[in-house]
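Chemist: Can you keep this structure in mind? I'll have questions shortly.
The values are calculated or read from the model by the stated rules, or taken from the named source; none is laboratory data. Since this is a predicted model, take the numbers as computed values, not measurements. As a convention, Cβ positions derive from the backbone with ideal geometry for all residues, glycine included, and neighbour counts pool all protein chains shown.
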């Protein structure tokens, strides 16, 4: 197999301080990883760095605060209202009345509790949204990481191929200098050397490009060193996701859909609680200037006033709103059932594609085993004059083609495996 530097943590567990808030942990972990990228970075560590540096995860962490504010607002009693009253006669100006009062609307408890429950559900969705965003980020990082592992192997193979062609050219040049072969026999090899060096240049450029893309997805500085610990051999050894015990835990999107059903049910309960309006009570002081019936003189007479406003008992006033909420519940339940079927089909298809490719790759994995520049039997035949230098040059071409075909298949398998693991919700331990 190709020799590559592989870093295996051997049970090392990243420290996760329990009392530290999630946002502070992510910031500290991201800063530590951003300043210590000289060590090889495993896939799990790369995903954690992306989580720590992803602004959307930090933004979603603030959602519970919004839910708590909405819950608090739903339980606050409305402010009192000050009412000013006045009356004057239509004819004449001998009598008038002025008054001031305070009115207070009394929200019903059976309406406040459903409103607060609906507000609380908004905060309950925050954790699910964070988990879904982390799964999405992990899938993006995994795809780039696997592609980088394959391109690094392709670069190593291209480098080895170029070295083999240079060794063969050096060997033939020695024979030409000794007068054993003609100079024209080296011309085909010159083209092969140029092609091998061109292939190596393209492979190095591709690996550099995918490394920059991965560095950008991790949101690391442009000049930050980035070394990957996993190689193609490690990728082929990764298990393919099997049957999922709990689809809701693996795919937060399904849990979010179930949460939307609960939100629709809570909204329906609130609409039913709002079929009756709230009571309004008030009190105040009125001053009336009127003529005394006995003395016929104008007198000021203060009065205390009370008032109460009771909703008119005329059936259900929000019948249309209730029917709308009932339809919303049915729609949410239908979307949940459809999403469950869709996710099961997605996971099954992705895993089946990976299982179909993996045995073929493992069976032909020996194609990347390093071998001698020229087989011993062919060297002996060339020394006896049984084969020409052109045949000697062409003897390695099938080997190079086999390596290229294997790496193309490995690239397809890496993409399929990344899709299968992302679909199954495979993520490292979350803080």
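Chemist: Taking the range 233-249, which residues are at pLDDT below 85, surrounded by fewer than 17 Cβ atoms within 10 Å (Cβ to Cβ) and closer than 15 Å to residue 354 by Cβ?
Modeler: Correct list: 242, 243.
Chemist: Against the condition free of Cβ contacts under 8 Å to residues at least 24 places away in the same chain and in the same structural domain as residue 263 (by TED's automatic domain parsing), how does residue 333 come out, does it pass? Reasoning before the result, please.
Modeler: Details: free of Cβ contacts under 8 Å to residues at least 24 places away in the same chain: no; in the same structural domain as residue 263 (by TED's automatic domain parsing): yes.
Taking the combined requirement at face value, the residue does not satisfy it.
Chemist: Scan the range 320-329 and tell me whether some residue there is within 29 Å of residue 105 (Cβ to Cβ), free of Cβ contacts under 8 Å to residues at least 12 places away in the same chain, loosely packed, with under 13 Cβ neighbours inside 10 Å and more than 27 Å from the chain's Cα centre (by Cα).
Modeler: Yes, because at least one residue in the range 320-329 is within 29 Å of residue 105 (Cβ to Cβ), free of Cβ contacts under 8 Å to residues at least 12 places away in the same chain, loosely packed, with under 13 Cβ neighbours inside 10 Å and more than 27 Å from the chain's Cα centre (by Cα).
Chemist: A follow-up question, please. Do we have residue 158 as touching a strand residue (DSSP E or B) at 6+ places or on another chain (Cβ under 7 Å), at pLDDT 90 or above, surrounded by 15 or more Cβ atoms within 10 Å (Cβ to Cβ) and in a helix (DSSP H, G or I) here? Talk me through it step by step, then tell me what you get.
Modeler: On the way: touching a strand residue (DSSP E or B) at 6+ places or on another chain (Cβ under 7 Å): no; at pLDDT 90 or above: yes; surrounded by 15 or more Cβ atoms within 10 Å (Cβ to Cβ): yes; in a helix (DSSP H, G or I): yes.
No: the conditions fail for residue 158.
Chemist: Of all residues in the range 51-105, how many are within 21 Å of residue 130 (Cα to Cα) and either in a strand (DSSP E or B) or over 25 Å from the mean Cα position of the chain (by Cα) (or both)? Full working, then the answer.
Modeler: Step one: list which residues in the range 51-105 are within 21 Å of residue 130 (Cα to Cα), which gives 51-71.
Going one step further and asking which of them are either in a strand (DSSP E or B) or over 25 Å from the mean Cα position of the chain (by Cα) (or both), we end up with 69-71.
Total satisfying the criteria: 3.
Chemist: Hey, which of the helices (runs of 4 or more DSSP H) in the range 354-431, taking only ones fully inside, have at least 1 residues that are over 25 Å from residue 342 (Cβ atoms), modelled with pLDDT of 90 or more and within 25 Å of the chain's Cα centre (by Cα)? It would help to see each step written out before you state the result.
Modeler: Details: elements: 376-383, 389-394, 397-423.
Counting at least 1 such residues, we get 397-423.
Chemist: Pull up the range 191-207, narrow it to residues that are within 30 Å of residue 51 (Cα to Cα) and over 25 Å from the mean Cα position of the chain (by Cα), then point me to the one that is surrounded by the most Cβ atoms within 10 Å (Cβ to Cβ). Full working, then the answer.
Modeler: Kept after step one, since they are within 30 Å of residue 51 (Cα to Cα), are these residues of the range 191-207: 203-207.
Now restrict to residues that are over 25 Å from the mean Cα position of the chain (by Cα): 203-206.
Details: 203: 22, 204: 15, 205: 12, 206: 18.
So, considering only residues that are within 30 Å of residue 51 (Cα to Cα) and over 25 Å from the mean Cα position of the chain (by Cα), the one surrounded by the most Cβ atoms within 10 Å (Cβ to Cβ) is 203.
Chemist: Out of 221, 188, report the one residue that is in the same structural domain as residue 346 (by TED's automatic domain parsing) and under 30 Å from residue 426 (Cα atoms). So that I can check it myself, show each step before the final result.
Modeler: Values: 188 fails: under 30 Å from residue 426 (Cα atoms).
It is 221.
Chemist: Taking the range 123-155 as the region of interest, how many residues are over 18 Å from the mean Cα position of the chain (by Cα) and crowded, with 19+ Cβ neighbours inside 10 Å?
Modeler: 9
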